[in-house]
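In what follows, a single structure is set out as structure tokens and then discussed.
The values are calculated or read from the model by the stated rules, or taken from the named source; none is laboratory data. What you see is a predicted model, and the numbers here were worked out from it, not measured in a lab. Heads up, the Cβs are rebuilt from the backbone with ideal geometry, glycines too, and the neighbour counts pull from every protein chain shown. Ligands, DNA and RNA are stripped out before the accessible areas are found, and what is left, the full protein with its side chains, is counted by its heavy atoms. Shrake-Rupley method; radii C 1.70, N 1.55, O 1.52, S 1.80 Å.
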Amino acid sequence: ERKIVSQPYYSSQNTYDPRYYQRNAINRTVEAIARGQNRLLLVMATGTGKTYTAFQIVYRLLKSGLKRKVLYLADRNILVDQSIQQDFSPLEKTIHKINFAKDDPVTVTSHEVYFSLYQQLAGNDENEDDGNSDETVERFAKLFSKDFFDLVIVDECHRGSAKMDSNWRRILEYFSSAAQIGMTATPKETKYISNIDYFGEPIYTYSLREGIEDGFLAPFKVINVQTDISEGWRPCYGQRDK
């Protein structure tokens, strides 16, 4: 534990030092994993740097030797690409973006950090997670054994993976031996969807109010506007305006 918690943050001339709340989130997560906790939830407001926080967690765990293979899951391609090109760029030589059409089961295992869309692992190109759950498991089992990853990071975990009966949850259950970190700004707690039920109570929370009060997020105010339009307008396509 001492070796892991003493592992320094990544720093360079091209990056900024973690802000105090990011350090809190990183330290609590790393310390919890060092103690053997395998399900963790980070709740941080939009714009407070969840991906950068995740990078520092991954960096420290990889450098300490506690974790060796990391899977980063997101549900939008732009989130994956931005993470690879920006916050995770210091690890670019160890990163691989999963592509089932091209990946070879033998050579694909030579990386440290893997990025993928939920939809791709589940065999669905849409945002929904419907489909045959057995086929979903068989799809990514061809490339990775159940214990291949020892750390899984779930971006925006309030979406598909929060549903107990979803195919996206099957991915997390397949890699159940790995430590799993859920990240979200808006955790879901309903009759059918629960982040806390799966990941546990948040290990750290940094709210929108705190971000505004600390000066890291822009304040806002709500303005109510009463319009004088009582009916909508439908354009007539194919006719020129006179």
* Structure fact -> Of the residues in the range 58-90 that are open to solvent by 10 Å² or more (accessible area, probe 1.4 Å) and aliphatic (A, V, I, L, M), the one that is farthest from Tyr118 (Cα to Cα) is Leu66
* Search the range 85-107 for residues that are closer than 30 Å to Asn14 by Cβ and pair each with any residue that is open to solvent by 40 Å² or more (accessible area, probe 1.4 Å) and assigned to a loop (DSSP other than H, G, I, E, B) when their beta-carbon atoms are under 6 Å apart and the residues are at least 6 apart or on different chains. => Pro90/Tyr10; Thr94/His111; Thr94/Glu112; His96/His111
* Pull up the range 100-121, narrow it to residues that are of a type outside the set (A, V, I, L, M) and under 18 Å from Val154 (Cα atoms), then point me to the one that is surrounded by the fewest Cβ atoms within 10 Å (Cβ to Cβ). => Glu112
* Asked: Identify, please: which residue in the range 123-159 is of a type in the set (S, T, N, Q) and at pLDDT below 75 and is, among those, least open to solvent (accessible area, probe 1.4 Å)?
  -> Thr136
* **Test set (1) open to solvent by less than 30 Å² (accessible area, probe 1.4 Å); (2) within 22 Å of Thr186 (Cα to Cα) - Asn24 fails condition number** => (1)
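Residues checked against (1) free of Cβ contacts under 8 Å to residues at least 40 places away in the same chain; (2) small (Gly, Ala, Ser):
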| site | (1), (2) |
| --- | --- |
| Tyr20 | yes, no |
| Ala25 | no, yes |
| Arg28 | no, no |
| Ala34 | yes, yes |
| Gly47 | no, yes |
| Gln56 | no, no |
| Leu61 | no, no |
| Leu66 | no, no |
| Asn77 | no, no |
* To do: From Gln226, Gln239, grab the single residue that is polar (S, T, N, Q), out of contact with any Asp or Glu (no Cβ under 7 Å at 6 or more places or on another chain), open to solvent by 80 Å² or more (accessible area, probe 1.4 Å) and modelled with pLDDT under 80.
  => Gln239
* Determine which single condition Ser12 fails, assuming it passes every other condition in (1) more than 21 Å from Asp150 (Cβ to Cβ); (2) exposed (fewer than 15 other Cβ atoms within 10 Å of the Cβ); (3) touching a Ser or Thr at 6+ places or on another chain (Cβ under 9 Å). => (3)
* Structure fact -> The one condition Gly36 fails out of (1) assigned to a loop (DSSP other than H, G, I, E, B); (2) over 18 Å from Ala178 (Cβ atoms); (3) out of contact with any Gly (no Cβ under 9 Å at 6 or more places or on another chain) is (2)
